[in-house]
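The values are calculated or read from the model by the stated rules, or taken from the named source; none is laboratory data. What you are looking at is a predicted structure, and each value in this text was computed from that prediction instead of being measured. Cβ: placed from backbone, ideal geometry, glycine included. Neighbour counts: every protein chain shown.
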Amino acid sequence: MQSNQTSINLIRRHGADFIALFLAILGFLASALVTRQVFEGVPHIEDEIAYVWQAKVLVYLAYWIGAILFGPRYYYEGIYSLTLISAAGIAWLAGWPTSQASPFIRRSGWGKLRPLLVILVAGILVGINLAVYLPIRLNTMDSLYGISSSDQAPFTAISAQALTPALVIVHTDHWMEYGALLDLEDPQLTTPFIFAWGSNPSTDAAVASQFPDRAIYHYYPDRSSEMYKEPLPSP
């Protein structure tokens, strides 16, 4: 009895995870089926295109990490493979030719409804994703980690441009306040403002010495929106 109750509690707590796992396995098997039916007949293309997605999924099983926020970003390089598999699967289900050697079959009667039904179902699924699922996912990223464009206001103001070129040492215990400003600099460090995460006086001074042509300012996002020429004493 206790074992049954434990199983029920497990399903209630992780029901969404089990559904996601089931859908992932189902999608993996479906992609394998499409690969076998469509791409196996084309020499070498199954290795270069069709199996890329499956290979990345299998390899990353050894490095599983939750992807609730940004989705399967670790599979990004295999998206082209999944896209082609999806297109091939739609064509296969609709009864369209999937290779140059496949003849186009003109259907009659109820057979004409097959491609229309496939297009209708695919369109509904894409529409649900665009109208329902995607907005929900995007809304979770709004002001994520407390980061928003307002964090950059002290450096985008017209009055702040008179202080440039400048190196701004950001004094904060959390990376979010520092990371919110990185959008204002480029990798070549040629922008009016560049930023460094404050560490300790000796390290900050060593970093500042690498930019003799820039003014040095200290910024404390948790304490003030102003910039200071000298570091403030610890509170």
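For region 113-124: of the residues being free of Cβ contacts under 8 Å to residues at least 12 places away in the same chain and surrounded by 11 or more Cβ atoms within 10 Å (Cβ to Cβ), which is farthest from SER86 (Cα to Cα)?
That would be LEU113.
Take the residues in region 194-206 that are closer than 12 Å to VAL170 by Cα and touching a residue at least 24 places away in the same chain (Cβ under 8 Å), then tell me which one is surrounded by the most Cβ atoms within 10 Å (Cβ to Cβ).
Out of the qualifying residues, it is PHE195.
For region 51-73, check the following and say yes or no: at least one residue is assigned to a helix (DSSP H, G or I), of a type outside the set (D, E, K, R), crowded, with 16+ Cβ neighbours inside 10 Å and modelled with pLDDT under 70.
Within region 51-73, the subset assigned to a helix (DSSP H, G or I) is 51-63, 73.
Retained after the next criterion (residues that are of a type outside the set (D, E, K, R)): 51-55, 57-63.
Next, only the ones that are crowded, with 16+ Cβ neighbours inside 10 Å stay: 51-54, 57.
With modelled with pLDDT under 70 added as a condition, the list becomes none.
Scanning region 51-73 turns up no residue that is assigned to a helix (DSSP H, G or I), of a type outside the set (D, E, K, R), crowded, with 16+ Cβ neighbours inside 10 Å and modelled with pLDDT under 70.
Within region 85-119, how many residues turn out to be within 21 Å of TYR51 (Cβ to Cβ), modelled with pLDDT of 80 or more and either touching a strand residue (DSSP E or B) at 6+ places or on another chain (Cβ under 8 Å) or not β-branched (Val, Ile, Thr) (or both)?
Within region 85-119, residues that are within 21 Å of TYR51 (Cβ to Cβ), modelled with pLDDT of 80 or more and either touching a strand residue (DSSP E or B) at 6+ places or on another chain (Cβ under 8 Å) or not β-branched (Val, Ile, Thr) (or both) number 7.
Of all the residues that make up region 181-218, how many are touching an Asp or Glu at 6+ places or on another chain (Cβ under 8 Å) and in a strand (DSSP E or B)?
Start the filter on region 181-218 by keeping residues that are touching an Asp or Glu at 6+ places or on another chain (Cβ under 8 Å), which leaves 181, 191, 193-196, 198, 218.
If we keep only those that are in a strand (DSSP E or B) too, we end up with 193-196, 218.
So the answer is 5.
Could you run through region 159-184 and say how many residues are of a type in the set (D, E, K, R) and either buried (at least 18 other Cβ atoms within 10 Å of the Cβ) or closer than 23 Å to SER234 by Cα (or both)?
Counting residues in region 159-184 that are of a type in the set (D, E, K, R) and either buried (at least 18 other Cβ atoms within 10 Å of the Cβ) or closer than 23 Å to SER234 by Cα (or both) gives 2.
Please tell me if THR140 is hydroxyl-bearing (Ser, Thr, Tyr), more than 30 Å from ILE90 (Cα to Cα) and at pLDDT below 85.
Judged against the criteria, THR140 is a match.
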